[in-house]
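The structure under discussion appears below in the form of structure tokens.
The values are calculated or read from the model by the stated rules, or taken from the named source; none is laboratory data. Fair warning: this is a prediction, and the values are worked out from it, not measured in the lab. Every residue, glycine among them, receives a Cβ derived from its backbone with ideal geometry; neighbour counts consider all protein chains shown.
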Amino acid sequence: MEITVLGIDLGKPVCSLAGIDAKGSVVLRRRVQRFRLQEFLAQLPRCVVAMEACGGAHHIGRFCLQFGHEPRLMSPLYVRPYVNVHKNDDRDAEGIAEAATRPTMSFVPIKTEEQSTCRLSTGRASGLCRIGPD
């Protein structure tokens with residue numbers, strides 16, 4: 001079982017994983033609790049780790065870089081066509097892995113911690129943006 005691409009659906013506290021081999025066959029289907037995901041990735045041989053781009057994906061992407069994986073973050077809009085019928089978390093993970101293998105897919109660069117922190121400090125979290133009358 002040689003996983004070349006691991007697709008991860010990060011949507012809930014339990015992440016769905018789908019690993020595909022060089023031929024494009026699904027060789028791994030698993031669900032992992034989010035707090036155990038880093039432990040699972042640390043034990044996995046080096047591969048491409050694909051996820052839909054979100055705040056949590058950047059954090060996991062930085063972790064993947066530390067362990068020699070190649071993280072690929074994609075816009076959820078670009079992943080949607082690769083998800084098979086009867087959408088669920090497991091099929092989402094397979095679609096994410098499939099989309100990451102496409103040569104024309106565009107990927108989102110991983111943000112550093114400083115970039116993520118800067119974004120938080122300029123938004124609503126800092127109180128600089130007000131909504132509605134006082």
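Okay, residues lined up against (1) surrounded by 12 or more Cβ atoms within 10 Å (Cβ to Cβ); (2) among the hydrophobic types (A, V, I, L, M, F, W, C); (3) under 17 Å from residue 99 (Cα atoms):
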{"residue": "27", "(1), (2), (3)": "yes, yes, yes"}
{"residue": "40", "(1), (2), (3)": "yes, yes, no"}
{"residue": "45", "(1), (2), (3)": "no, no, no"}
{"residue": "51", "(1), (2), (3)": "yes, yes, yes"}
query = List the pairs whose first member sits in the stretch 92-112 and is crowded, with 19+ Cβ neighbours inside 10 Å and part of a loop (DSSP other than H, G, I, E, B), whose second member is at pLDDT below 90 and of a type in the set (Lys, Arg), and whose Cβ atoms are under 8 Å apart, counting only residues at least 6 apart or on separate chains?
reply = 111/119
note = The correct count of residues that are of a type in the set (Phe, Trp, Tyr) and either assigned to a loop (DSSP other than H, G, I, E, B) or under 20 Å from residue 94 (Cβ atoms) (or both) in the stretch 52-75 is 1
ask   = List the pairs whose first member sits in the stretch 28-39 and is free of Cβ contacts under 8 Å to residues at least 60 places away in the same chain, whose second member is of a type in the set (S, T, N, Q), and whose Cβ atoms are under 8 Å apart, counting only residues at least 6 apart or on separate chains?
value = 30/16; 31/16
query = Restricting attention to the stretch 60-79, and to residues there that are of a type outside the set (Ser, Thr, Tyr) and out of contact with any helix residue (DSSP H, G or I) (no Cβ under 8 Å at 6 or more places or on another chain), which single residue is surrounded by the most Cβ atoms within 10 Å (Cβ to Cβ)?
reply = 61
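What is the residue count in the stretch 80-89 for residues that are assigned to a helix (DSSP H, G or I) and surrounded by fewer than 18 Cβ atoms within 10 Å (Cβ to Cβ)? Write out each step before concluding.
From the stretch 80-89, those assigned to a helix (DSSP H, G or I) are 80-82, 89; that's our starting set.
If we keep only those that are surrounded by fewer than 18 Cβ atoms within 10 Å (Cβ to Cβ) too, we end up with 80-81, 89.
Number satisfying all stated conditions: 3.
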message = Given the criteria more than 20 Å from residue 73 (Cβ to Cβ) and of a type in the set (A, V, I, L, M, F, W, C), does residue 1 qualify?
response = yes
key: Those residues of the stretch 26-39 which are part of a helix (DSSP H, G or I) and within 14 Å of the chain's Cα centre (by Cα), in sequence order   = 34, 37, 38
